[in-house]
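Reviewing the structure listed below.
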Amino acid sequence: MSRHRNDGFKDFVLDQLADLRGLRCRAMFGGYGLYRGNTFFGIIHRGRLYFKTNQTTAGRYRDRAMKPFRPGPAQTLKNYYEVPVEVLEAAEELVIWASQATEL
């Protein structure tokens, strides 16, 4: 079985989100998609984590100079923003941000 290049980062993200009930991870986009139950809420791609946002929550990401997910040069998914490193490194905070992303 081939492994994705950033499996170590994926494993770190999943460890940080261990307290998020119903979390599932599936290979996609050349990276991974994160689900809570049947709700798709996150993307792990090229060593970065992105969460789903809306008009209200996207400002919190932009305020920290985070960028939307760009799977390629001609495509931008404006509803998915990169999670700030300081949030990623704080498991409790990350679970809160993930929970909010699953409620959108």
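Data table
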{"item": "Computed accessible area, Lys52, all protein chains, 1.4 angstrom probe, square angstrom", "result": "60 Å²"}
{"item": "Peptides 14-24, 55-65, 37-47 ordered by average Cβ neighbours within 10 Å, highest first", "result": "37-47, 14-24, 55-65"}
{"item": "Structure-based [θ]222 nm, the chain - -39500 (n - 2.57) summed over DSSP H runs of at least 4, per residue, nearest 500", "result": "-8000 deg cm²/dmol"}
{"item": "For the chain, with +1 on Lys and Arg beta carbons and -1 on Asp and Glu, the positive-most of Phe41, Thr56, Gly30 along the dipole", "result": "Gly30"}
{"item": "Answer label for semi-axes √(5λ) of the Cα gyration tensor in Å (calculated), chosen among (i) 25, 13, 12; (ii) 19, 17, 13; (iii) 32, 13, 11", "result": "(ii)"}
{"item": "Distance in nm between pseudo-label sites at Glu103 and Met28 (7 Å out along the Cβ direction from Cα)", "result": "2.3 nm"}
{"item": "Cα centre as origin, Lys/Arg/Asp/Glu Cβ charges: the chain dipole, Debye", "result": "560 debye"}
{"item": "Charge context of Phe40, other residues only, Cβ under 14 angstrom, K/R +1, D/E -1", "result": "+3"}
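The values are calculated or read from the model by the stated rules, or taken from the named source; none is laboratory data. What you are looking at is a predicted structure, and each value in this text was computed from that prediction instead of being measured. Cβ coordinates were reconstructed from backbone atoms using ideal geometry, including for glycine residues, and neighbour counts include every protein chain displayed. With ligands, DNA and RNA removed, areas are computed over all heavy atoms of the protein, side chains included. Shrake-Rupley method; radii C 1.70, N 1.55, O 1.52, S 1.80 Å.
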